[in-house]
Amino acid sequence: MLLFNLIPFIFIILGLLNIIYPKASWYMRYGWQFKNAEPSNAALVMSRIGGVFAILIGLFILFSGILRIGGSFGF
């Protein structure tokens, strides 16, 4: 189940992208819907905060072993 092993890394990568490039993530979500629109400072800060949470969730999944197949459950 390679896909389950990739999930935490996807969270971490998307979180890093939101922290480093919050404006790009805003344009991918909302900017394409409007002409000449610019994100507010609050939108950029919220994008960075969401990136931090995504990284924390990815690290939690990675180190907790929640998605580990088999293990001590006897499967």
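Annotations
- Taking residues in the range 17-44 that are within 22 Å of residue 55 (Cβ to Cβ) and of a type in the set (A, V, I, L, M, F, W, C), and partners anywhere that are open to solvent by 100 Å² or more (accessible area, probe 1.4 Å) and assigned to a helix (DSSP H, G or I), the pairs with Cβ atoms closer than 7 Å and at least 6 places apart or on different chains are 19/48.
- Selection of the range 1-16 for residues being out of contact with any Ser or Thr (no Cβ under 9 Å at 6 or more places or on another chain) and among the hydrophobic types (A, V, I, L, M, F, W, C) yields 1, 2, 3, 4, 6, 7, 9, 10, 11, 12, 13, 16.
- The number of residues in the range 1-25 that are β-branched (Val, Ile, Thr), within 25 Å of residue 65 (Cβ to Cβ) and open to solvent by 90 Å² or more (accessible area, probe 1.4 Å) comes to 1.
- Selection over the range 34-75 of residues that are at pLDDT 90 or above, open to solvent by 100 Å² or more (accessible area, probe 1.4 Å) and not in a loop (DSSP other than H, G, I, E, B) gives a count of 5.
- Qualifying residue in the range 21-31 (condition: at pLDDT below 90, at positive phi, over 15 Å from the mean Cα position of the chain (by Cα) and in a helix (DSSP H, G or I)): no
The values are calculated or read from the model by the stated rules, or taken from the named source; none is laboratory data. Here the structure is a predicted model, which is why all the values come from computation and not from measurement. Note that each Cβ is placed from the backbone with ideal geometry, even for glycine, and that neighbours are counted across all protein chains shown. With ligands, DNA and RNA removed, areas are computed over all heavy atoms of the protein, side chains included. Shrake-Rupley method; radii C 1.70, N 1.55, O 1.52, S 1.80 Å.
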